[in-house]
Amino acid sequence: MTLLAAGAPPARRKQIVIVGGGFAGIAAARALKRADADIILIDRRNHHIFQPLLYQVATAVLAPSEIAAPIRQLAYEQKNVTVMLAEVTGVYLNSRSIEASCPGTGIRRLQFDYLIVATGMRPSYFGHDEFAKYAPGLKTLSDAENIRAKILGAYELADTTDDDNERVRQMTFVLVGAGPTGVELAASMAQLATVTLRGQFRRIDPAESSILLVEGGKRILPTFADRLAAKAARRLGKLGVKILTGVKVEKVDANGVVADGTRIPSATVLWTAGVAPSPLVKLLGAKTDRAGRVAVGPCMDVEGASGVFVVGDASSVASDDGRPVPGVAQAAIQQGRYVGRLIARQLKGRAPKRPFRYVDKGSMSVVGKNFAILETRHLRMSGFITWFIWVFVHLMALPQLQNRLRVQRQWFWSYFTGQRSSRLIPEAPSGGIREPTVERISAS
Ligand SMILES: Cc1cc2nc3c(=O)[nH]c(=O)nc-3n(C[C@H](O)[C@H](O)[C@H](O)COP(=O)(O)OP(=O)(O)OC[C@H]3O[C@@H](n4cnc5c(N)ncnc54)[C@H](O)[C@@H]3O)c2cc1C
């Protein structure tokens with residue numbers, strides 16, 4: 001039996017601060033379930049977003065609440081976790097503390113023994129931040145809702161204008177960037193135009209819309225094998241999406257884009273081209289890669305800062321074959337879980353874990369109804385069966401049972417009727433609408 005010296009203070013429980021309630025942050029918290037520590041999980045939003053289905057919110061298939069879950073709800077059964085709604089604005093490694101800006105109550109300073117930074121990425125305009133005003137990126141629920149309002153609003157404006165050029169501008173949609181998000185969004189927009197909106201307007205035919213997918217690189221889906229990307233491109237072509245590869249967007253403004261010196265008039269330009277890490281990681285003062293992500297050590301640790309880790313999209317680490325671990329949900333979950341378990345072991349005084357090893361379960365991209373592509377180390381697949389696998393994998397990966405049930409019901413409805421249940425424009429569409437003119441009719 002160990003006797004405490006009289007008056008000796010009880011040992012303080014270790015404090016673990018996790019910044020970010022995305023895939024990596026939630027996985028880290030869950031891996032610390034049995035840890036004898038106090039965990040503070042901080043996010044500037046009160047909800048976790050299942051980002052792979054954001055494009056379906058942007059194209060009216062799903063409602064925001066179907067792909068998101070309150071972080072508190074995800075953590076409520078785990079008694080050692082306290083959730084805090086706040087934006088972390090400062091990291092002080094010397095005093096082992098962070099500064100958090102809490103809505104309504106101001107700035108708070110919190111001490112940590114361990115810090116896990118899981119703050120993800122944000123859209124990057126490659127030095128042209130002025131494009132952001134006209135070409136929204138897709139990262140948050142409000143981005144998705146704004147994009148949905150922009151797309152649906154464009155059809156409304158096209159239907160009411162008497163100006164032929166303006167009608168064409170409203171019905172021209174430009175997506176910049178042909179990675180998985182650009183491809184999925186373009187295919188879903190094409191099906192919205194040709195199936196969901198068919199016959200719903202009296203003056204325009206939405207099927208005559210131009211959906212342009214503009215890519216600076218040589219081909220779409222650069223992270224997939226040539227053969228799969230070519231199949232996806234053919235599929236997009238069949239859906240009516242026009243692909244422009246090797247084309248650089250030089251300017252984006254209120255009237256559209258200028259690409260390779262040619263102006264393309266468009267009322268809806270969407271940015272799916274690049275990402276940059278959240279600004280918080282800069283405060284760590286750590287070594288970064290070219291994209292600005294923290295170049296972490298083999299245990300996802302920050303060099304020279306013991307007990308500080310960066311996981312998920314904000315980190316840069318190589319996998320076994322020397323290639324960088326991709327910025328995908330699977331990698332974020334594995335890294336978060338790894339660091340959670342590593343800290344749990346340290347708290348028990350057990351030997352450190354082996355370095356992080358990424359298990360690549362493959363990548364998928366869906367191209368409209370009934371078609372998806374799948375690539376793993378040993379397998380390449382495309383078509384209907386792959387699409388079915390995509391449906392299953394995404395349903396199972398949603399954060400809660402209620403999300404799964406609701407998404408399943410919406411997909412079922414949409415699959416058989418072609419209809420989409422979230423075709424709401426919260427406010428009157430703007431951008432292109434002129435000041436109302438009041439016609440005075442004089443009584444004779
Ligand atoms: C539109 C889209 C589609 C995608 N599709 C796929 C797909 O099909 N398959 C796939 O595997 N991956 C996909 N991804 C990538 C995947 O979503 C990311 O790899 C994953 O979300 C990374 O997880 P994370 O925890 O690092 O970051 P995130 O999930 O982005 O979470 C970061 C969290 O940190 C919070 N945060 C940021 N800064 C602060 C701060 N200063 N203070 C407090 N909180 C902060 C944010 O609010 C957020 O909740 C997609 C991404 C997007 C945007």
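Note down all Cβ pairs under 6 Å where the first residue falls in segment 82-110 and is under 11 Å from I40 (Cβ atoms), the second is away from the ligand (no atom under 11 Å from the Cβ), and they're at least six residues apart or on different chains.
Going by the 6 Å Cβ cut-off, the qualifying pairs are T82/I40; V83/R72; V83/A75; M84/I40; I98/L110; A100/R108.
I need the strands (runs of 3 or more DSSP E) fully contained in segment 10-54, keeping only those with at least 1 residues that are among the basic types (K, R), near the ligand (Cβ under 8 Å from one of its atoms) and open to solvent by 60 Å² or more (accessible area, probe 1.4 Å).
Once the strands (runs of 3 or more DSSP E) in segment 10-54 are filtered for at least 1 residues that are among the basic types (K, R), near the ligand (Cβ under 8 Å from one of its atoms) and open to solvent by 60 Å² or more (accessible area, probe 1.4 Å), nothing remains.
I'm checking my understanding of the structure. Among residues of segment 281-295 that are open to solvent by 10 Å² or more (accessible area, probe 1.4 Å), touching a Gly at 6+ places or on another chain (Cβ under 9 Å) and not in a loop (DSSP other than H, G, I, E, B), which one is nearest to the ligand (Cβ to nearest atom)?
Filtering segment 281-295 for residues that are open to solvent by 10 Å² or more (accessible area, probe 1.4 Å), touching a Gly at 6+ places or on another chain (Cβ under 9 Å) and not in a loop (DSSP other than H, G, I, E, B), the one nearest to the ligand (Cβ to nearest atom) comes out as L283.
Using beta carbons and a limit of 7 Å, which pairs, at least six apart or on different chains, have the first residue in segment 235-251 and within 22 Å of Y134 (Cβ to Cβ) and the second one among the acidic types (D, E) and open to solvent by 40 Å² or more (accessible area, probe 1.4 Å)?
Listed pairs, sorted by first residue: V247/D260; K248/D260.
Read through the list (1) under 30 Å from S188 (Cβ atoms); (2) assigned to a strand (DSSP E or B); (3) open to solvent by 20 Å² or more (accessible area, probe 1.4 Å), then give the number of the only condition that M84 fails.
(1)
Out of curiosity, is D143 within 16 Å of the ligand (Cβ to nearest atom) and modelled with pLDDT of 95 or more?
Yes; evaluated as a whole, the condition is true for this residue.
Considering segment 137-156 alone, what residues qualify as being among the aliphatic types (A, V, I, L, M) and open to solvent by 10 Å² or more (accessible area, probe 1.4 Å)? Full working, then the answer.
Residues of segment 137-156 that are among the aliphatic types (A, V, I, L, M), as a first pass: 138, 141, 144, 147, 149, 151-152, 154.
Within segment 137-156, L138, L141, A149, L152 qualify.
Report yes if some residue within segment 117-125 is part of a strand (DSSP E or B), on the phi < 0 side of the Ramachandran plot and either at pLDDT 95 or above or more than 15 Å from the ligand (Cβ to nearest atom) (or both); otherwise report no.
So far as segment 117-125 goes, yes, one or more of its residues are part of a strand (DSSP E or B), on the phi < 0 side of the Ramachandran plot and either at pLDDT 95 or above or more than 15 Å from the ligand (Cβ to nearest atom) (or both).
What number goes with the only condition from (1) buried (at least 19 other Cβ atoms within 10 Å of the Cβ); (2) in a helix (DSSP H, G or I) that D159 does not pass?
Single failed check for D159: (1).
Of all residues in segment 199-232, which are over 24 Å from P265 (Cβ atoms), part of a helix (DSSP H, G or I) and open to solvent by less than 30 Å² (accessible area, probe 1.4 Å)?
Residues satisfying the conditions are L228, A229, A232.
Within the bounds of segment 51-70, is there any residue that is more than 30 Å from G418 (Cβ to Cβ), more than 19 Å from the chain's Cα centre (by Cα) and not hydrophobic (A, V, I, L, M, F, W, C)?
First pass over segment 51-70, keeping only residues more than 30 Å from G418 (Cβ to Cβ): 70.
Remaining after also requiring more than 19 Å from the chain's Cα centre (by Cα): none.
No, every residue in segment 51-70 fails to be more than 30 Å from G418 (Cβ to Cβ), more than 19 Å from the chain's Cα centre (by Cα) and not hydrophobic (A, V, I, L, M, F, W, C).
Among the candidates Y125, Y134, single out the residue that is touching a helix residue (DSSP H, G or I) at 6+ places or on another chain (Cβ under 7 Å) and crowded, with 16+ Cβ neighbours inside 10 Å. Before the answer, list the steps.
Values: Y134 fails: touching a helix residue (DSSP H, G or I) at 6+ places or on another chain (Cβ under 7 Å).
Answer to the selection: Y125.
Since V311 meets every condition but one in (1) touching a Gly at 6+ places or on another chain (Cβ under 6 Å); (2) more than 15 Å from the ligand (Cβ to nearest atom), which condition does it not meet?
Looking at each condition in turn, V311 falls short on (2).
For segment 375-394: of the residues being in contact (Cβ under 8 Å) with a residue 60 or more places away in the chain and under 22 Å from the mean Cα position of the chain (by Cα), which is farthest from Q408 (Cα to Cα)? Full working, then the answer.
The initial filter retains those residues of segment 375-394 that are in contact (Cβ under 8 Å) with a residue 60 or more places away in the chain, namely 375, 380, 382, 394.
Adding the requirement that they be under 22 Å from the mean Cα position of the chain (by Cα) leaves 375, 394.
Working: E375: 24, H394: 10 Å.
Once the filter is applied, the top-ranked residue is E375.
The values are calculated or read from the model by the stated rules, or taken from the named source; none is laboratory data. Nothing here was measured: the structure is a model prediction, and the numbers come from that model. Every residue, glycine among them, receives a Cβ derived from its backbone with ideal geometry; neighbour counts consider all protein chains shown. Heavy atoms of the whole protein, side chains included, go into the accessibility calculation; ligands, DNA and RNA do not. Shrake-Rupley method; radii C 1.70, N 1.55, O 1.52, S 1.80 Å.
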